[in-house]
Structure formats: C-alpha cells, structure tokens
Amino acid sequence: MNAMTEPGEPAVSVSGLWKVFGPRAHTVPRTPELTALTRPELLERTGCTVAVRNIDLNVAPGEVFVIMGLSGSGKSTLLRCLTRLIEPTAGHVTAAGEDVLTAGRSRLRELRRHRFSMVFQHFGLLPHRRVIDNVVYGLEIRGVNRTRRYRRAAEMIDLVGLNGYERSWPAELSGGMQQRVGLARALAVDPDVLLLDEPFSALDPLIRRELQQEVLRLHREVGKTMIFVTHDLSEALRLGDRIMIMRDGACVQCGTGQELVGAPADDYVRDFVSDIPRAQVLTLRWIMRPPDLRICPPGPELDPDVPVLDAARTVLETGGPVRVVGNGTVLGMVAPQDVLDVVTGPVGSVA
C-alpha cells in the first residue's frame, strides 16, 4: 500500500539541493565564497562542476510540474537526484513527508518500487519479453502474484491504447508504441509520482504530439503527480501546470506558462519564450483591467480563462471594452487595444 500524502502536504519537496561533481565536492555548498562563483569560475578554481545549484521546489499532489532548460542546464540531473539515481551533494528531498536522502539502501529500493516510477527517453524495454511481460515487470519484482499482475497489466495496456499488441515483441513496435509500453509499465505499479525524462524527444513530431495528448488524457483519468523534463517549451506549455526554467544548474524562473510568457524574469527567459505566440498562451484573466461600468455597457461577456486569441474577434468587433465575467460577477474588462498589445506587442510587455 502506497503512503498517502497528507492534505496540504507536497507530493515532492526539495530544499537547498546541490549536486557537485569533482574533488571535495561536498565543500562547495558549505562555502559561501564558492557558492557565489559562476560555473566556469568554480571549475577553474576548484575543478568542480555544479550540475544542480541550490534548488527549492514543491510539487503538489496531482500536479504536472515541468523542468526545462537547454542541454547542460541540469534538468535531468535534478530529476535523478529525486530518487538518488544520482546522489545529491547537499540539501533535502522529501516525498509524502519522508526524507528520501536519509533512507537506507533497503528503504530506498522500496521507495523506487512503490512511490516513484520513471519513464526515460530511451524506452528501456526488455527485448526478450513480450509487451505484456514488460508491463508486468515492476509488479513481478514486487512479488505480486501472477493473476493480479497480469490483470493489472491488461488494464494498463488498455489504458494506453495497445489492445491487441499484448503478445508482440518490442522490436515489432514503432517508437511511439514502445513508449506507450513504457508508460503502461510505469503506471502499472501505481506510483505516487511519475518521473518522465524527455520521454518523447527521440520521436518524430506527429507521434510526439500524439503522446503528449496521451499523457494529458492519462493525467485526467488517473490523476498522477508527474514531474516532466523537457527542452521543448511548446511541450512544457502544453503539459505543465507549472514550469521551472533552469540555467547552469539553477532555477531562473518558476511559474505557470502564462507567468513565464507574460512576465519573463530576465532576458534569458524572455529569449526562451520569444517564439511563443503570447495570444495563444495568455488568457483574459491575465490582461483584463478593473471594470468601469460607465464605459463598459452591457453586451458580449467573456470568461476570464478564454485565451486572448480566441477572444480577439469578439473584442475587436465590439469596438469598445468588453466585460469579463466569471460565475455571474463582472471581474474586469478588456478593450481592443489590450488585445492588440498582446497580439502585436513585444515579448514580456504585458504587466
């Protein structure tokens, strides 16, 4: 039986997490003079490389939390630190209130088997096992009896849309189908947290989008907490409730897609989101101004969570401010110029 997360308790909590590679790595997080150095300065001075730098984050139960950044930013290392596939140098990681970093070897195995499940970029399927035998693997090493584990595997194969392929060999499947097997295998053990490390980056764009839809559907149906690593901002915006952008091992900004696109923290994030059509990401809730009913007469009403692009025609055709209404209450108003500013203005111009 998986441990339950208490109400209000994060599914995963990280504080002051460091991963340093090199000689006497453990001294770096404890030495303020060294922690102030940039990655190149630290390497030159100590021979150490910082992969993860003083990360703090809380992931809520049922949240899809995306970690993203360019190659070498530390995102995959951070993900592996959560389950100690890579041992952190300093800091704390807790899952459902339990300290992962102090767990002994036996307990750590239990946490990996029961609380976490991982899906990697490279599918990692066992080539000598058929699809259903791959899916039951995690349950098998848990000691679940044969009848129960194959019944559960059949349910997961149905969930990911692979009915009819139970007896196929991995080599007989397309890349997208193999990754579906990986998802089924990860879900079969009913983990508290599903960790996905660039699972779709090796796939072609059409299959990639199809599997993104699959993850969203699975999340709606099973409600798992997911921590998803990607270098693709479009993928992050599509999947993530919140997104953390990393650079040189550190968190540059963490927030919703709207916060990143509408109010980038610095030039690095601004460049990161520069190719994203803001009108497709930002909603009226983000751009509406306080209502003034004297200049906003009754007429069309729009929901605050409608994307600006979807609301543009109504607002522009009205020619004046349009009421933004939620649950029967006027929350704000949006004028044509507000919409045009988002559609045509520079990135980060919406405050």
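Calculate the translational D of the chain in whole µm² s⁻¹ from Stokes-Einstein, where the hydrodynamic radius comes from the Kirkwood formula applied to all Cα pairs, the temperature is 25 °C and the viscosity 0.890 mPa s.
109 µm²/s
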Handout entry: Rounded to the nearest 20 debye, dipole of region 8-143 from Cβ charges on Lys, Arg, Asp, Glu
Key = 460 debye
Practice task
Please build a GNM for the chain, connecting alpha carbons under 10 Å apart, and tell me which residue among Gln212, Gln337, Gln179 fluctuates the most.
Solution key: Gln337
Exercise for the section: Skip the ligands, DNA and RNA, and give the accessible area per residue of the chain with a 1.4 Å probe, whole Å². Expected result: 47 Å²
Practice task
Rank Pro277, Pro88, Pro264 by mean-square fluctuation in a GNM of the chain with C-alpha springs under 10 angstrom and give only the top-ranked residue.
Solution key: Pro277
Completion exercise
CD proxy, 222 nm, the chain: helix-only mean residue ellipticity via -39,500 (n - 2.57) per DSSP H run with n ≥ 4, per residue, nearest 500, stands at -10500 deg cm²/dmol
Practice task
Sorted from largest down, give the three principal axis spans of the alpha carbons of region 264-304, whole angstrom values.
Solution key: 42, 17, 12
Exercise for the section: Of the options Gln121, Gln280, Leu111, report the single residue whose Cα projects farthest towards the positive end of the charge dipole of the chain (beta-carbon charges: Lys, Arg +1; Asp, Glu -1). Expected result: Leu111
Problem - the chain: relative contact order as a whole-number percent, Cα under 8 Å and 6+ apart - result: 17 percent
Problem - Overall dimensions of region 135-203 by Cα: Rg and Dmax, Å - result: 12.1, 35
Problem - Helix 205-222 axis, angle to the chain major axis (alpha carbon atoms, nearest 10°) - result: 90 degrees
Problem - Of all accessible heavy-atom area on the chain, the percent that carbon and sulfur account for (1.4 Å) - result: 51 percent
Completion exercise
For region 211-351, averaging the sequence separation of alpha carbon pairs under 8 Å that lie six or more residues apart and dividing by its residue count, the contact order in percent is 20 percent
Problem - Cβ charges +1 (Lys, Arg) and -1 (Asp, Glu), total dipole of the chain, debye - result: 1400 debye
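Provide the FRET efficiency to the nearest 0.05 for the Leu43-Ala202 pair, computing r from the beta carbons and using R0 = 25 Å.
Plugging the Cβ-Cβ distance into 1/(1 + (r/R0)^6) gives 0.25.
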Exercise for the section: Could you calculate the contour length gain from Asp341 to Ala60, that is, 0.36 nm times the residue separation minus the distance between their Cα atoms, to one decimal place in nm? Expected result: 97.8 nm
Handout entry: Cα-Cα P(r), region 1-120, percent of pairs per 5 Å interval
Key = 2, 10, 20, 22, 19, 12, 9, 4, 1, 0
Handout entry: Inter-label distance for Asp303 and Val330, nm, one decimal - labels placed 7 Å from Cα along Cα-to-Cβ
Key = 2.1 nm
Fill in the blank from the handout: Taking a crude spin-label model, label points 7 Å out from Cα along the C-beta direction, the Asp190 to Glu317 distance in nm is 5.1 nm
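If one computes P(r) from the Cα atoms of region 73-162, what percent of pairs lie at distances over 15 Å? Write down the numbers at each step before the final one.
Numbers: 2700 of 4005 pairs.
Summing the P(r) of region 73-162 above 15 Å gives 67 percent of all pairs.
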Handout entry: Intensity falloff of region 172-325 expressed as log10 I(q)/I(0), Debye formula with alpha-carbon point scatterers, at q = 0.14, 0.21 Å⁻¹
Key = -0.84, -1.29
Exercise for the section: Tell me the label-point distance for the pair Glu9, Asp275, using the 7 Å Cα-to-Cβ offset, in nm and rounded to one decimal. Expected result: 4.3 nm
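The values are calculated or read from the model by the stated rules, or taken from the named source; none is laboratory data. Here the structure is a predicted model, which means the values were calculated and not measured. For neighbour counting, all protein chains shown are included, and Cβ atoms are generated from backbone atoms with ideal geometry for every residue, glycine included. Areas reflect the complete protein model, heavy atoms only, side chains present, ligands, DNA and RNA absent. Shrake-Rupley method; radii C 1.70, N 1.55, O 1.52, S 1.80 Å.
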